[in-house]
Amino acid sequence: MGLTIPNISNLPGVSRPGGDGFINKFCLDFTPAAAKVVMANLFFPTQSIISMWFNNDSASPDDILLGSNSSSEQIRLRTSGGNIQILASSHGNSKTFNTTVAYSANTWYHIAFYFTSGTALTIYVNGQLFTTSTSWLTAVDFKSIGNSVTSGAQGFDGTIDEVSFFNNNTIDINDLYNNGKPGDLSSFSPSTWYRFEEGSGSVANNSGSANNNGTITAAVYSTSVP
C-alpha cells in the first residue's frame, strides 16, 4: 500500500511554485463617494515601497489609490491613450507617470511605488519599471487607502487588495508581483500589510510588524480577488 500525500497547495498562506500565489479569500470593494481605509500612525519614510493590487470598475478612472488628510496629497489612477497613467501630487507639486500597460476595467493590476530618496519616486505596474521622478516631493504622510481622509469626491471605484508598506527599498518588485498572483509577504518583513481577509467588520488588521490597524469606512468585502 502506497502512502497518500495530502495536497496542501490550496491552504491559506501556502505559497505554490511558479508564482501561483496563495489563497486570498477577500478584498475590499470601494465606492467613490465614501469608502476608505484610514491608517493611524503611518508615516511613509523616504526610502521605502508601497505595494498593492487594484481592480477598477470604471472605463475612465480618475480615482484615488492613496490619500492623506489633504486633497493635495494623493496618488491617483488615470488613463492616457488606453494605458494606465498615475498622477502623484503633494505639497503643491505633481508628477504624471505614463505607462505602457494597457488599461481595462474590471481587471486586476499590481502597482508598486518605490521611493529611493526624499524626492525620487519610481512606479512599477505588473512588475514593469516606469519613469523615475527625481524632483517630486518631500516624504509623504499617507493616511488612507482608496480615498482621502477629508474628501470623498474622487475616491476609488472598484476593489483593492494586499496593500503593503516596507520601510526599505531593497526588495525586488517582481518578487512582490509574483508572476501575477499575490504571494505571502512575510519573508519581506512588511511594516504594514493589509490583507483584507477579515470578511466582516470595520477593522483592517495589520499583518506586518507595526501597530497600526486600519479603520474601514463604507467599503464592503468581496470575494473577487487577484
Checked against (1) out of contact with any Asp or Glu (no Cβ under 9 Å at 6 or more places or on another chain); (2) part of a helix (DSSP H, G or I), Asn179 satisfies every condition except (1)
Is at least one residue of the range 89-104 farther than 18 Å from Asn55 by Cα, among the charged types (D, E, K, R) and either open to solvent by less than 50 Å² (accessible area, probe 1.4 Å) or in contact with a strand residue (DSSP E or B) (Cβ under 7 Å, 6 or more places away or on another chain) (or both)? yes
List the strands (runs of 3 or more DSSP E) that sit entirely inside the range 94-144 and contain at least 3 residues that are at pLDDT 95 or above. 109-115
Output yes when any residue across the range 147-166 is open to solvent by 10 Å² or more (accessible area, probe 1.4 Å), assigned to a loop (DSSP other than H, G, I, E, B) and within 12 Å of Val37 (Cβ to Cβ), and no when none is. yes
Could you check the range 162-184 and list, in sequence order, the residues that are closer than 22 Å to Asn211 by Cβ and under 13 Å from the mean Cα position of the chain (by Cα)? Glu162, Val163, Ser164, Phe165, Phe166
Could you grab me the full set of residues in the range 45-66 that are of a type in the set (A, V, I, L, M, F, W, C) and surrounded by fewer than 19 Cβ atoms within 10 Å (Cβ to Cβ)? Ala59
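Quick check on this structure: which one of Gly201, Gly158 is modelled with pLDDT of 95 or more and under 16 Å from Ile75 (Cβ atoms)? Please lay out each step first, then the result.
Details: Gly201 fails: under 16 Å from Ile75 (Cβ atoms).
Exactly one of Gly201, Gly158 is modelled with pLDDT of 95 or more and under 16 Å from Ile75 (Cβ atoms), namely Gly158.
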With (1) touching a residue at least 40 places away in the same chain (Cβ under 8 Å); (2) open to solvent by 30 Å² or more (accessible area, probe 1.4 Å); (3) out of contact with any Phe, Trp or Tyr (no Cβ under 8 Å at 6 or more places or on another chain) as the list, and Asp184 as the residue in question, which single condition is left unmet? (3)
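The values are calculated or read from the model by the stated rules, or taken from the named source; none is laboratory data. The structure presented is a predicted model; accordingly, all values stated were derived computationally and were not measured. Cβ coordinates were reconstructed from backbone atoms using ideal geometry, including for glycine residues, and neighbour counts include every protein chain displayed. With ligands, DNA and RNA removed, areas are computed over all heavy atoms of the protein, side chains included. Shrake-Rupley method; radii C 1.70, N 1.55, O 1.52, S 1.80 Å.
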